[in-house]
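S.K.: One structure coming up, written as structure tokens, with questions to follow.
Nothing in this text is a laboratory measurement; each read-out follows from the coordinates by a stated rule. Everything numeric in this text was worked out from a predicted model, so none of it was measured. Note that each Cβ is placed from the backbone with ideal geometry, even for glycine, and that neighbours are counted across all protein chains shown.
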Amino acid sequence: MIDLDVVDRKILDLLQEDGRMTNAELADKINLSPSACLRRVRRLEDEGVIAGYVMLLDQRAIGRPDDIFIEITLVSQSQECQEAFERAVRECRDIMECYLMAGEADYLLRVAAAGTADYERIHKSHLSRLPGVSRIRSNFALRTVCKTTAFTCRI
């Protein structure tokens, strides 16, 4: 973990709001020279605090409005079983997120689908074929109450 000062945190907050902001705009907003600002941003990138830059899509706009959360239970907790499952999950482009869990289910997945027929396709083509799965339990989100990709960096 890197020690972040107030200026670093401000940079991170602003870039999370608008990752396309120019260095000159960013420098102006935090009252630094462009060269000093760029040095800080590069340091945050080099230290791994800034992991990358992405474009976020509106899943409704691209025809995938439904979020389905899937609890997966494996037949075994062995390292080999987990590795095979995780490898297969990473290869499935329909799975948006996957978490190893503590609790009743072994994994929690999130899928964005175009509706129930699309989810049925994903279930038949991918989920039911994942290695080591003993149980699949699907939960459809009715509505997104809040969703963010931004971490609060302010102190």
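S.K.: Within the chain, which is the longest segment that contains none of the trypsin sites (Lys or Arg not before Pro) sitting in a DSSP loop with at most 13 other Cβ atoms within 10 Å?
M.R.: In the chain, the maximal stretch lacking such sites is 94-142.
S.K.: Can you list the HN-Hα couplings for segment 57-71, worked out from phi with the Karplus curve (6.51, -1.76, 1.60; θ = phi - 60°), rounded to whole Hz and with x for Gly and Pro?
M.R.: Here the 3J(HN,Hα) series is 9, 7, 5, 5, 5, 9, x, 10, x, 9, 9, 10, 9, 10, 8 Hz.
S.K.: Counting other Cβ atoms within 10 Å of each Cβ, which GluC sites (Glu not before Pro) in segment 43-73 have at most 11 and sit in a DSSP loop?
M.R.: Answer by residue number: there is no such site.
S.K.: Only sites in a loop by DSSP and with at most 12 other Cβ atoms within 10 Å count here; which GluC sites (Glu not before Pro) in segment 76-153 make the cut?
M.R.: Answer in residue order: E104.
S.K.: Turning to a different aspect of this structure: Name the shape class, rounded, prolate or oblate, that the alpha-carbon gyration tensor gives for segment 6-46, where a ≥ b ≥ c are the square roots of its eigenvalues, rounded holds for a/c under 1.5, and otherwise prolate holds if a/b is larger than b/c and oblate otherwise.
M.R.: In terms of gyration-tensor shape, rounded.
S.K.: On alpha carbon coordinates alone, what is the Rg over Rh value for the chain, Rh being the Kirkwood radius?
M.R.: Rg divided by Rh gives 1.09.
S.K.: Follow-up. For the chain, what is the mean residue ellipticity at 222 nm derived from helices alone (per DSSP H run of n ≥ 4: -39500 (n - 2.57); sum divided by total residues; nearest 500 deg cm²/dmol)?
M.R.: -11000 deg cm²/dmol
S.K.: Okay, next question. Give the cross-link partners of K147 among the lysines, using a straight C-alpha distance below 23 Å as the criterion and excluding same-chain residues fewer than 8 apart.
M.R.: By straight Cα distance, K147 reaches K10.
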